[in-house]
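Working notes, structure below.
The values are calculated or read from the model by the stated rules, or taken from the named source; none is laboratory data. Not measured: the values here are computed from a predicted model. Counting neighbours? That spans all protein chains shown, and the Cβs are built from the backbone with ideal geometry, glycine included. Ligands, DNA and RNA are excluded from the accessible area calculation, which covers all protein heavy atoms including side chains. Shrake-Rupley method; radii C 1.70, N 1.55, O 1.52, S 1.80 Å.
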Amino acid sequence: MSGSRMEEVERLLRRYPVDGTQIYDYGTAGFRYEASLLPCVAVRIGLLSAVHSNALGGDAVGVMITASHNGAPDNGLKLADATGGMWNATWESKAVVVANLKQPSRVLRYLSDLSSSSSSLSLSSSSSSSVVHVGRDTRDHSPALAQLVVRAARAMGATVVDHGLLTTPQLHHVVMHANAHLLPPLICPRRNESGYFETLCHSYQALLHTTPKTYLVPLQERTVWVDCACGVGYDKVVRLNRMLQCLKLPVGSNSPLVNLVAVNGPADGPLNEHCGAEHVQKQRLPPRVYSDITTENSTNTPYFASLDGDADRIVFHYHDPKDGTFCLLDGDKIAALLSAFCQEELNVLYADSRNSNNTPILKCGVVQTAYANGASTKYLKDVVNTSVLIAKTGVKYVHAAAHDNFNVGVYFEANGHGTILFSSSYHEVIGQMKPTTERAQLAVRRLRLLPSLVNQAVGDALSNLLLVDAILFLQQWDMPRWQTMYRDLPSRQQKVKIPDRSIIKTNANETKVLAPASLQKALDAACHGSAEARCFVRPSGTENAVRIYAEAATQRQADELASEAVIVVQRICGGTNPSPTIASKL
């Protein structure tokens, strides 16, 4: 590193020191704190990102400035690896170390030690081979934090691509596509935001064009109102819809494109406040519409989708036209829809005469967390006839489980974050298919298009919005029909504060308590006598508290089970009164 660059690194480290009392931890999706605590982390992550890229032989990595569904005072840093996914556990631990080093000399020594293990990087070298992509959301403090990442990475000699305002999935997309040699063969490189939109629009359009000829009468025009949580997704939805409306469909096409109406932009109201996917899914309430727009003149029942603040989560909802009941289609329902579609198309190929005897069977499955509604799990196993794995709560855990266990791995958390992962075997098998029937030909076209429409790097609200709409159209379903796939079991969630959360140990997927042993025995006793009763507890990842989930055949039983679990936790773990109840899942 040249003398001027070393001086800039030292200047940044001295200007933005780590507070002596603050300890930074890397959560399930990166660093996330009150914004004033993050400048020192932004500097150190900018430095480390350059080192990380070099260690990968110059493959690009990324840093996204966002706090997702958190309120406006918070911010954070999400880190994208060369594959477009999140940093692996090894580099995640390095990020925690460097974020907490207080003396500039120790930071430099640590980075130097990392550099010495890479033949392509040395802090004493005047040249560097590293690329860092940076994106940010609409929070007031995001530009300053992004610029600190940019300055730090450049001080390390990295080439920095500052994209400005992006959704988190867009940042992951451009990183994945910047490393074109890592892309599977069915995906063409699209290295920037324009390429991202082109990929989504054209693959969505092509999927709609697989409509069977028997669809003689088109469905009514489809309009989805998109609640953008007053965040970065608003302008992206507007741009996406503009591009969709410019696409030309064949004369006489009965595959009309969806019309997206964006509401709740950054200028309309406070970020994530009484709106967005987190509010809708947790509170089971419709979003407040801050925009100066109304759905009252809509000719059809307004269908809504709600994104979160950085547009990686999505849930769908509507009011029942018969009685006005609020109806939510959360991540569990999305997983069921996507999994059933993939499984059906593959089954068509397996039944095709030419492929029935020699086509390798691709392993399909769904990864859920313990919070997935039991009715969804039963539907997937008994009706879709697919494998279901339960993973530890957190995107990085469900993503890894889907990647490691399935050729077609669908993962979704109930909060609406998820995607589909396709293995290399999938691309090989589908690429070699030679269908003999008209229906099998449609299936191959659909299965070859999915990897382009689906953002396989991370959950992507815009990608999932178009994917869900396309599948509903191909099935000739509307949202109420989708809702009838299964009926959720009633549930109740509670939180109990305890003196020390570390006393609770769970198994790998958090469905059972290992310690204290008496706690699991008490929970089992509380569930005894009801085949559909289920209750688990897990320590909070952010505070000294226990989170409780109870599920049963009726709402009254779920409420009673949750109350009994609260008493058990208080007695065994020394808990205090629970916080106000989170809305139940009816």
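Pick out, from 103, 82, 60, the residue whose Cα sits farthest towards the positive end of the charge dipole of the range 1-115, with +1 on the Cβ of Lys and Arg and -1 on the Cβ of Asp and Glu.
Result: 103.
Only Lys, Arg, Asp and Glu count, each charged at its Cβ (+1, +1, -1, -1), so figure out the dipole size of the range 444-523 about its Cα centre, rounded to 20 debye.
Charge dipole of the range 444-523: 300 debye, to the nearest 20.
For the range 419-468, what mean projected area does the convex hull of the alpha carbons give, in nm²?
That works out to 3.7 nm², a quarter of the Cα hull's surface.
So if each residue of separation counts as 0.36 nm, and I subtract the Cα-Cα distance between residue 21 and residue 140, what length gain in nm does that give?
40.3 nm
Roughly how many Å² is the accessible area per residue of the range 483-553, as a whole number, for a 1.4 Å probe?
47 Å²
If you stretched the chain out fully between residue 243 and residue 273, how much longer would it get, using 0.36 nm times the residue separation minus the C-alpha to C-alpha distance?
7.9 nm
Efficiency by 1/(1 + (r/R0)^6): what FRET value for residue 518 and residue 543, r their Cβ-Cβ distance, R0 = 22 Å, to the nearest 0.05?
According to the calculation, E is roughly 0.40.
Work out how much length residue 259 to residue 89 would gain on full extension: take 0.36 nm times their residue separation and subtract the Cα-Cα distance, in nm to one decimal.
Gain on stretching residue 259 to residue 89: 57.1 nm.
About the Cα centre of the chain, how large is the charge dipole given +1 on each Lys and Arg Cβ and -1 on each Asp and Glu Cβ? Please answer in debye to the nearest 20.
In debye, rounded to 20, the chain gives about 840.
Identify, among 507, 458, 410, the residue whose Cα sits farthest towards the positive end of the charge dipole of the range 395-548, taking +1 on the Cβ of Lys and Arg and -1 on the Cβ of Asp and Glu, with the dipole about the Cα centre.
The one lying farthest along the dipole's positive direction is 507.
Lys/Arg Cβ at +1, Asp/Glu Cβ at -1, dipole of the chain taken about the Cα centre: which of 237, 270, 395 is farthest positive-ward?
Result: 395.
Let me check against my output: what whole-number percent is the relative contact order of the range 284-442, with C-alpha pairs under 8 Å and at least 6 apart?
22 percent
When a/c reaches 1.5 or more, the comparison of a/b and b/c decides; with that in mind, is the chain rounded, prolate or oblate per its Cα gyration tensor?
Note, shape of the chain comes out oblate.
Roll a 1.4 angstrom probe over the protein heavy atoms and tell me the percent of accessible area of the chain that is carbon or sulfur.
Ligands and nucleic acids excluded, carbon and sulfur reach 50 percent.
Quick one: accessible area per residue over the range 6-81, 1.4 Å probe, rounded to a whole number of Å²?
Ligands and nucleic acids excluded, the figure is 32 Å² per residue.
Of 282/396; 378/434; 392/495; 102/495; 102/392; 78/381, which ones are farther than 23 Å apart at the Cα?
In this structure, 378/434; 102/495; 102/392; 78/381 lie more than 23 Å apart at Cα.
Give the longest segment of the chain that steers clear of trypsin sites (Lys or Arg not before Pro) in DSSP loops with at most 12 neighbouring Cβ atoms within 10 Å, not counting the sites themselves.
My reading of the result: 1-212 is the longest stretch.
Which whole-number percent is the relative contact order of the chain (Cα, under 8 Å, 6+ apart)?
The normalised contact order for the chain reaches 12 percent.
Could you tell me what a quarter of the Cα convex hull surface of the range 359-461 works out to, in nm² with one decimal place?
Convex hull of Cα atoms, orientation-averaged projection: 6.9 nm².
Label points 7 Å out from Cα along the Cβ direction at residue 487 and residue 6: separation in nm?
7.3 nm
Counting Lys and Arg as +1 and Asp and Glu as -1, each charge on the Cβ, what is the dipole of the range 431-475 about the Cα centre in debye, to the nearest 20?
260 debye
Can you tell me, using C-alpha contacts under 8 Å and at least 6 residues apart, the relative contact order of the range 416-559 as a whole percent?
21 percent.
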